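Asker: Handing you a structure now.
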Amino acid sequence: MDGQLDRRAELSEFLRTRRARLKPEDVGLESFGRHRRVPGLRREELAQLAGVSVAYYTRLEQGNGQNVSAEVLDAIARALRLTDAEQAHLTHLAKPKQQRRRTSAGRSQQPPVRVALLQLLESIEAVPAYVSGRRSEILAWNRMAAALFGDWGRLPAHERNWARLVFLNPEYRELFVDWDQKAYDMVSFLRMDAGRHPDDPRLSALVGELSVKSEEFRRLWATHDVKEKSYGVKRMRHPLVGDLTLSFETFRLVDEDEQAFVTYHAEPGSPSAEALRLLASWGTDAAASLRT
């Protein structure tokens with residue numbers, strides 16, 4: 001891949017795949033004939049639902065979103081039944097913020113994590129916590145995160161990346177019980193990041209590498225699915241303490257460059273809480289059990 005993703009191609013494929021997943025009966029239209037030449041809605045049907053001309057929508061689906069209005073994008077989003085994350089992604093692709101593009105294109109490294117955040121990480125002794133940033137990069141973590149996920153400090157800086165770990169490190173297939181869902185969430189996040197920063201050469205290089213090395217990544221990337229997931233539950237199988245069910249929370253740091261503070265915790269009194277307590281007592285030995 002070259003230094004940036006093709007925004008026009010991204011916009012075209014995103015609209016096409018969203019249109020393909022809808023059937024006429026899903027949106028209250030009659031379906032004439034059993035054999036349709038295209039999956040999902042036709043362009044004419046989508047244009048009718050959105051209240052725009054077929055020619056106008058066709059130009060947009062061909063990647064020409066330069067002069068599209070916010071009102072038209074909203075109408076198309078409603079017609080396609082997009083989620084909030086999908087609508088935000090559509091807006092980023094069709095109407096990118098020029099000032100953001102200029103800034104991100106010239107930045108080769110993540111901004112540093114603030115000292116106060118590093119101190120906060122160190123002070124949290126019983127809960128795995130870390131700071132993540134653009135491109136799913138892992139920027140800082142505490143001792144409990146190392147015990148749960150492995151010693152990221154042993155990795156070269158460019159390999160401290162969730163997408164790389166999930167798709168290229170076999171240990172993480174064993175760690176996440178629902179690995180398929182973790183992989184899907186990871187690609188959906190990268191898609192959102194690509195929509196915000198299509199000219200980011202580091203992101204383009206990451207997508208290119210994963211596309212070459214992982215068939216699963218290629219398949220998921222081709223779906224053009226996007227999602228933002230800030231909380232939920234993950235089931236893990238740690239080599240030392242066995243099965244854990246942990247809730248995660250993601251706190252966006254609004255004054256930083258898309259950094260997030262992520263924590264994992266167990267239900268009080270649960271077997272998972274006891275497992276975390278054991279991990280805390282084992283410390284560096286637990287961190288070494290995952291060979292990252």
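The values are calculated or read from the model by the stated rules, or taken from the named source; none is laboratory data. None of these values were measured; they are calculated from a predicted model. Quick reminder, even Gly has a Cβ in these numbers, built from the backbone with ideal geometry, and neighbours come from all protein chains shown.
Asker: Out of 126, 116, 140, which single residue is aliphatic (A, V, I, L, M) and either surrounded by 20 or more Cβ atoms within 10 Å (Cβ to Cβ) or modelled with pLDDT of 95 or more (or both)? Talk me through it step by step, then tell me what you get.
Answerer: Working: 126 fails: either surrounded by 20 or more Cβ atoms within 10 Å (Cβ to Cβ) or modelled with pLDDT of 95 or more (or both); 116 fails: either surrounded by 20 or more Cβ atoms within 10 Å (Cβ to Cβ) or modelled with pLDDT of 95 or more (or both).
Result of the check over 126, 116, 140: 140.
Asker: Please go through segment 152-178 and give me each residue that is more than 18 Å from the chain's Cα centre (by Cα), farther than 15 Å from residue 137 by Cβ and without any contact (Cβ under 8 Å) to a residue 12 or more places away in the chain, ordered by number.
Answerer: If the condition is that a residue be more than 18 Å from the chain's Cα centre (by Cα), farther than 15 Å from residue 137 by Cβ and without any contact (Cβ under 8 Å) to a residue 12 or more places away in the chain, then 170 is the only one that fits.
Asker: On to the next question. I need the full set of residues from segment 74-89 which are within 23 Å of residue 229 (Cα to Cα) and assigned to a helix (DSSP H, G or I), in order please.
Answerer: Kept after step one, since they are within 23 Å of residue 229 (Cα to Cα), are these residues of segment 74-89: 74, 77-78, 80-89.
74, 77, 78, 84, 85, 86, 87, 88, 89, listed by residue number.
Asker: What's the number of the condition residue 92 fails, among (1) outside any helix (DSSP H, G or I); (2) modelled with pLDDT of 75 or more?
Answerer: The number of the failed condition is (1).
Asker: Would you pick out the residues in segment 1-23 that are surrounded by fewer than 16 Cβ atoms within 10 Å (Cβ to Cβ), modelled with pLDDT under 85 and either assigned to a helix (DSSP H, G or I) or not basic (Lys, Arg) (or both)?
Answerer: If the condition is that a residue be surrounded by fewer than 16 Cβ atoms within 10 Å (Cβ to Cβ), modelled with pLDDT under 85 and either assigned to a helix (DSSP H, G or I) or not basic (Lys, Arg) (or both), then 1, 2, 3, 6 are the ones that fit.
Asker: Follow-up question, since we're still on this one. I need a count of the residues in segment 191-205 that are buried (at least 22 other Cβ atoms within 10 Å of the Cβ) and of a type in the set (A, V, I, L, M, F, W, C).
Answerer: Within segment 191-205, residues that are buried (at least 22 other Cβ atoms within 10 Å of the Cβ) and of a type in the set (A, V, I, L, M, F, W, C) number 2.
Asker: Residue by residue through segment 40-65, note down the ones that are part of a helix (DSSP H, G or I) and crowded, with 18+ Cβ neighbours inside 10 Å.
Answerer: Here is the first cut: in segment 40-65, the ones part of a helix (DSSP H, G or I) are 43-50, 54-61.
Answer for segment 40-65, where residues must be part of a helix (DSSP H, G or I) and crowded, with 18+ Cβ neighbours inside 10 Å: 45, 46, 47, 49, 50, 57, 60, 61.
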